Amino acid sequence: MASNIAVGGVLTECNHLGGLPIDLSVYESSELYRGDQVLTLSTSVVGGMLSDLRVQRAAPRPLLFAAACSGGPITADCYSQLRTELLERLAQSLPIDGLLMPLHGAALAEGEDDPEGDMIRAARDIVGAAVPIVVTLDLHANITPTMVSCADALLAWETYPHRDQFDTGRRAARLLSQMLTGAARPTMAMAKVPVITSAIHGSTDGNDPFADLMRKTKALEQQDNVLSTSLFLIHPYMDVAGMGSGGLVITDNDLDRARSLASELALDYWARRHDLEPATWTPAEAIAHGGAVAGAPVLLVETADCCGGGAAGDSIATLAALLDAPEKPAAFAPVVDPSAAAICHAAGSGSQVTLELGHHLDPRWGKPRTVTGTVEKLSDGRFTYTGGQWEGHHEQMGPTAVLAIDRIKVLIMSRATYDWADEQWRALDLNPLDAKFFVVKNPMNYRLTFAPLAAGCYILDTPGPTPASLKHVRFQKLTRPYFPADAEIEALAPTVLT
């Protein structure tokens, strides 16, 4: 008889330091699938789960799947609605043999700092102790005691830039199948240390310190009775007690070994903490230094305004420095500013406009600036992702314009969208090779397209809710000691969750 496997979850990364609240309209404009609509998904983590369930000849019971670009916390009403619908559909699907939950691990809701743990615990209450629950997570998840105690297995994505969500979905379905046949009896331990760093050096490729740690982590899967290993570089823009980075190990009925291996990974992580902390430049310093670099483009990485990390995308900190440079260089810079985009569309292509630009959505980080330029291009802002979690997904920046201010071209968007490669730029026919300086607002994914072309690259220290370093952030719920606020911690021992 075919196994009945329920599939559903809410996959969102959130930010306590800034950004705009996420309400239901955000999901409706991105990904919100109910019931049988879930079965149409063929890519990313849910696509991977369904693919392997078909191989197993299992019967999927689709629940609800919601995903969206990062932002501030999910509104209380939105979270309540999604949670209620997910759990009601789960209750209606009973009896089931197993549950697959595609989650993120760094979600936040108004009044709830651990939505994933809350959803897993509520699902456990519905299905009972005997039904296995396997959860997939982003490798930037904050692993909590509730998540570990209420799930049978937590499996994280293994790549950053993220490109293995489909494979992770398949791995989760495969492990669930092994549990149902008795071939695997997962015992799980998560060990973490208080390292709170950005993703600047968090690639799983090349020689980044996180890549070295990931290779060691995954090598453990070659050992007998090790079912799965995961490494977590926590999303650092939450303010939650007990946050930390480290390793999770799932063994086959050997909890002591899982605890020991996970602790080793966490201590290795602590040993590499300084390598994970980036060196930064002010925008003016980077422009002056980069101007002497032969070739183009020179990348100015304004990671503090990363939409993919929850920022609004409306900062003009780097753009202002370009405008103030002694000799205005040829440059491209993005900004999310719906009012400025509307003015450009009302004026029309070829028109000269004067407008207030920037810091309209999340004004905590700067002030708008009056600029005058020529509207060069207009667009409805539609584009299609060519890879990553949303591969093939049609997205929209809303009314979008290219405003030329002297030799600086500003891509003005109405909506924040996730930066995967160069889709937003290509939608407006903008080529990075046409500029001396190119402003990017993602700490990692710019490497996919722009890094191979770049003559230079500067990580910037600018105001914003997704900064390159957390050393100056004043957390309220996360208490010291933690790195980088504290370089050394006496008698440090990993926190182990089982």
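The values are calculated or read from the model by the stated rules, or taken from the named source; none is laboratory data. Because the structure is a prediction, the values reported are computed rather than measured. Here the Cβ positions follow ideal geometry from the backbone for every residue, glycine too, while neighbour counts run over all protein chains shown.
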Could you check the range 254-361 for strands (runs of 3 or more DSSP E) lying wholly inside it with 2 or more residues that are touching a Pro at 6+ places or on another chain (Cβ under 8 Å) and either in the same structural domain as Met190 (by TED's automatic domain parsing) or of a type outside the set (S, T, N, Q) (or both)?
298-301, 352-357
Among (1) modelled with pLDDT under 95; (2) surrounded by 18 or more Cβ atoms within 10 Å (Cβ to Cβ), which single condition is Met101 missing?
(1)
Residues located in the range 1-33, provided they are without any contact (Cβ under 8 Å) to a residue 12 or more places away in the chain and either assigned to a loop (DSSP other than H, G, I, E, B) or not polar (S, T, N, Q) (or both):
Met1, Glu28
Taking Phe438 and the conditions (1) surrounded by fewer than 21 Cβ atoms within 10 Å (Cβ to Cβ); (2) under 29 Å from Trp420 (Cβ atoms); (3) touching a helix residue (DSSP H, G or I) at 6+ places or on another chain (Cβ under 7 Å); (4) among the hydrophobic types (A, V, I, L, M, F, W, C), which numbered condition does it fall short on, given that it satisfies the others?
(1)
Name the residue, out of Ala189, Ala183, Ala172, that is part of a strand (DSSP E or B), of a type outside the set (D, E, K, R) and at pLDDT 95 or above.
Ala189
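Determine, yes or no, whether Trp390 is touching a His at 6+ places or on another chain (Cβ under 9 Å) and under 20 Å from Val440 (Cβ atoms). Give the derivation first.
Values: touching a His at 6+ places or on another chain (Cβ under 9 Å): no; under 20 Å from Val440 (Cβ atoms): yes.
So Trp390 does not fit the description; no.
Inspect the range 423-430 for any residue being outside the structural domain of Ser44 (by TED's automatic domain parsing), under 18 Å from the mean Cα position of the chain (by Cα) and not β-branched (Val, Ile, Thr) and give the result as yes or no.
Yes, the range 423-430 has at least one match.
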If Ala346 meets every condition in (1) modelled with pLDDT of 95 or more; (2) surrounded by 17 or more Cβ atoms within 10 Å (Cβ to Cβ) apart from one, which number is that one?
(2)
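From the set of residues in the range 366-400 that are within 20 Å of Ala321 (Cβ to Cβ) and touching a residue at least 12 places away in the same chain (Cβ under 8 Å), which is surrounded by the fewest Cβ atoms within 10 Å (Cβ to Cβ)?
Filtering the range 366-400 for residues that are within 20 Å of Ala321 (Cβ to Cβ) and touching a residue at least 12 places away in the same chain (Cβ under 8 Å), the one surrounded by the fewest Cβ atoms within 10 Å (Cβ to Cβ) comes out as Thr370.
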Per the list (1) part of a loop (DSSP other than H, G, I, E, B); (2) buried (at least 22 other Cβ atoms within 10 Å of the Cβ), residue check on Leu403 breaks on (1)
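Residue by residue, here is whether (1) at positive phi; (2) in contact with a Phe, Trp or Tyr (Cβ under 6 Å, 6 or more places away or on another chain); (3) at pLDDT below 95; (4) buried (at least 24 other Cβ atoms within 10 Å of the Cβ) holds:
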position	(1), (2), (3), (4)
Thr197	no, no, no, yes
Ile200	no, no, no, no
Asp212	no, no, no, no
Lys218	no, no, no, no
Glu221	no, no, no, no
Val226	no, no, no, no
Leu233	no, yes, no, yes
Val240	no, no, no, no
Thr251	no, no, no, yes
Within the range 445-469, how many residues are part of a loop (DSSP other than H, G, I, E, B), touching a Phe, Trp or Tyr at 6+ places or on another chain (Cβ under 8 Å) and closer than 16 Å to His201 by Cα?
3
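Residues checked against (1) within 19 Å of Met147 (Cα to Cα); (2) within 25 Å of the chain's Cα centre (by Cα):
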{"residue": "Met238", "(1), (2)": "yes, yes"}
{"residue": "Ser245", "(1), (2)": "yes, yes"}
{"residue": "Ala266", "(1), (2)": "yes, yes"}
{"residue": "Ala271", "(1), (2)": "no, yes"}
{"residue": "Leu276", "(1), (2)": "no, yes"}
{"residue": "Ala279", "(1), (2)": "no, yes"}
{"residue": "Glu285", "(1), (2)": "no, no"}
{"residue": "Ala288", "(1), (2)": "no, no"}
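Could you pull out the residue among Lys367, Lys328 that is at pLDDT below 95 and not acidic (Asp, Glu)? Spell out the reasoning first.
Numbers: Lys367 fails: at pLDDT below 95.
Only one candidate passes the filter, namely Lys328.
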